[in-house]
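The structure appears right after this line, and notes come after that.
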Amino acid sequence: MPTDIDLINRQILTAVDNALVISKTDLQGVITYVNDLFCELTGFSREELLGQPHSIVRDPSVPKEVYKEMWDTIQSGKQWTGIIPNRGKGGVLYVVDTSVQPIKNEKGEIVEYISVRRVINDLMQNYDAVEFAKEQFDEYYDE
């Protein structure tokens, strides 16, 4: 019989899975898992994505240095974050606030990577709100 904590955990996982674009890769960046939202967003089927390099969604405008920094960071065992434009099937553009981090085994060795992203296309269309929030942030932290 499920406990209250089991129910809460399922509810949390469902909410995360419905709101965030999630993928996992092996150490070489080959996709091993994508959630349904990843498929819906990119227009690729799960079968088209699994086994492909994650760069399948890379937007060519992003400088290679950004990805080098990401790889250096996650290979050192740390979390990397950034705002990245990506391209789905047919060239559809979407912008994501991305967090990539290593997954480690019991010995502390990195065995794969997980990427959790929030689509921020809505923010790209509401620059006034972003600018206002940035002003508030700057005011608070410049004091």
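What lysines does K24 reach when the alpha-carbon gap must be under 30 Å and sequence neighbours fewer than 8 apart in one chain are set aside?
K64, K68, K78, K89, K104, K107
Output needed for the stretch 4-142: three equivalent-ellipsoid semi-axes, defined as square roots of 5 times the C-alpha gyration tensor eigenvalues, in descending order, whole Å. Let's see the in-between values first.
Values: eigenvalues 122, 81, 72 Å².
The equivalent ellipsoid of the stretch 4-142 has semi-axes of 25, 20, 19 Å.
Provide the per residue accessible area, probe 1.4 Å, for the chain, rounded to a whole number of square angstrom. Let's see the in-between values first.
Values: 9550 Å² over 143 residues.
Heavy-atom SASA per residue in the chain reads 67 Å².
Give me the distance between the Cα centres of the stretch 110-143 and the stretch 55-82, rounded to whole Å.
18
Please sort 129-135, 57-63 by packing, taking for each peptide the average over its residues of neighbouring beta carbons within 10 angstrom, highest first.
Details: 129-135: 11.0, 57-63: 12.7.
Result, highest mean Cβ count within 10 Å first: 57-63, 129-135.
The values are calculated or read from the model by the stated rules, or taken from the named source; none is laboratory data. Please read these numbers as outputs of a predicted model, since none were measured by experiment. No Cβ is skipped: glycine too gets one built from the backbone with ideal geometry, and neighbour counts run over all protein chains shown. Remember, those area values only see protein heavy atoms, side chains included, never the ligands or the DNA or RNA. Shrake-Rupley method; radii C 1.70, N 1.55, O 1.52, S 1.80 Å.
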